[in-house]
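The values are calculated or read from the model by the stated rules, or taken from the named source; none is laboratory data. Here the structure is a predicted model, which means the values were calculated and not measured. With ideal geometry, Cβ positions are generated from the backbone for all residues, glycine too; neighbour counts draw on all protein chains shown. Heads up: the accessible areas ignore ligands, DNA and RNA and are worked out on the full protein's heavy atoms, side chains in. Shrake-Rupley method; radii C 1.70, N 1.55, O 1.52, S 1.80 Å.
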Amino acid sequence: MRSNMMLLMAAAIWGLGFVAQRLGMDHMGPYTFNGLRFLLGALSLLPLLWWLKSRQPTQPRAEDNPRLLLIGGTLAGGVLFCAASLQQVGLLYTTAAKAGFITGLYIILVPVLGLALRHKTGANTWVGALIAMVGLYVLSVTDDFTIGYGDLLQVIGALFWAIHLLVLDHYSNRVAPIRLAGVQFVVCGLLSLGTAFVIETPTLSGAVAGWQALLYAGLVSVGIGYTLQVVGQRGAHPAHAAIILSLETVFAAIGGVLLLGEILDERAVIGCILMLIGMLLSQIRLRWWWKSRRDKVPSQS
């Protein structure tokens with residue numbers, strides 16, 4: 001229960017982070033905001049890194065490989081830059097509630113993309129994906145069969161979030177995961193700031209004016225949220241953890257409606273519900289359900 005509560009808090013923090021991302025762009029451009037928040041996020045991981053180091057043995061380990069850490073962190077940071085940029089720019093054209101649910105599609109896309117890496121997936125993934133895609137259609141596709149620009153960016157971003165998770169999965173077994181996270185945040189932050197100086201006009205006054213959104217998105221979402229995830233997942237069942245973390249989409253919708261005054265009409269609510277059902281179903285092994293049902297049925301022999 002303690003681990004599950006930590007994961008639920010992380011989901012709430014990340015969901016409400018969509019609100020901070022929207023508010024932050026009242027004072028600065030999307031790339032400036034991303035650059036500053038990811039560099040703040042990297043800084044916020046320093047206490048966690050220090051705490052983990054104090055609990056680890058002093059002798060060198062296989063995962064202490066600076067070269068592999070740099071390669072993995074740079075690759076993950078590059079993909080993270082693409083995903084975060086699409087999400088942040090997309091928020092200029094869509095609501096935080098819709099962005100949260102559409103981004104959550106990465107939960108389904110991960111096992112689908114994993115097929116190319118010869119990962120196994122079950123029927124629940126395909127059923128969940130079908131329901132989620134129907135939900136996406138109801139949520140984002142209009143009566144004239146067009147999709148909003150912001151929603152489209154979020155859909156493409158969900159694909160990059162899924163790729164990002166697969167990259168992390170590949171390297172987190174080879175290097176220290178928290179160090180990998182720190183390197184990727186630095187890479188993403190520098191790429192974002194570099195882009196900001198080319199196509200935007202970053203100002204100190206804008207950063208100061210949006211300090212509350214930056215503080216939440218950088219220190220709370222990354223520092224506290226990531227710490228809760230790392231500690232919580234140590235004592236939680238993987239399937240339970242995935243389901244709880246997927247509730248990030250619900251908190252994004254709640255935050256958008258209550259804090260930003262966003263309105264979800266009946267069609268949008270139905271689409272969100274279908275997407276949430278699809279995402280949750282994709283995390284439940286149907287064969288476990290079938291086995292439990294089979295074990296309860298008396299043998300006919």
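Numbers at a glance
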| quantity | calculated |
| --- | --- |
| Accessible area of the chain belonging to carbon and sulfur atoms, whole % at 1.4 Å probe | 68 |
| Nitroxide proxy distance, nm - points 7 Å out along Cα→Cβ at I277 and V127 | 1.2 |
| V269/Y93 FRET efficiency (R0 25 Å; Cβ-Cβ; nearest 0.05) | 0.75 |
| Linear extension gain, I71 paired with D26, 0.36 nm per residue minus alpha-carbon span | 12.7 nm |
| Rounded, prolate or oblate (a/c below 1.5 giving rounded, otherwise prolate when a/b exceeds b/c) for segment 61-175 by Cα gyration tensor | oblate |
| Helix runs (DSSP H) in the chain reaching 18 Å along axis by Cα, Kyte-Doolittle at least -0.5 | 2-24, 30-44, 66-90, 123-140, 149-172, 177-199, 266-281 |
| Rounded to whole Å, sorted largest first: equivalent-ellipsoid semi-axes of segment 165-231, Cα gyration tensor | 27, 17, 7 |
| Choice from G72, G189, G17 with maximal GNM fluctuation in the chain (Cα, 10 Å cutoff) | G72 |
| Size-normalised alpha-carbon gyration radius of the chain, reference 2.2 N^0.38 Å | 1.04 |
| Length gained when the stretch L190-A116 is fully extended (0.36 nm per residue, less Cα-Cα span) | 23.6 nm |
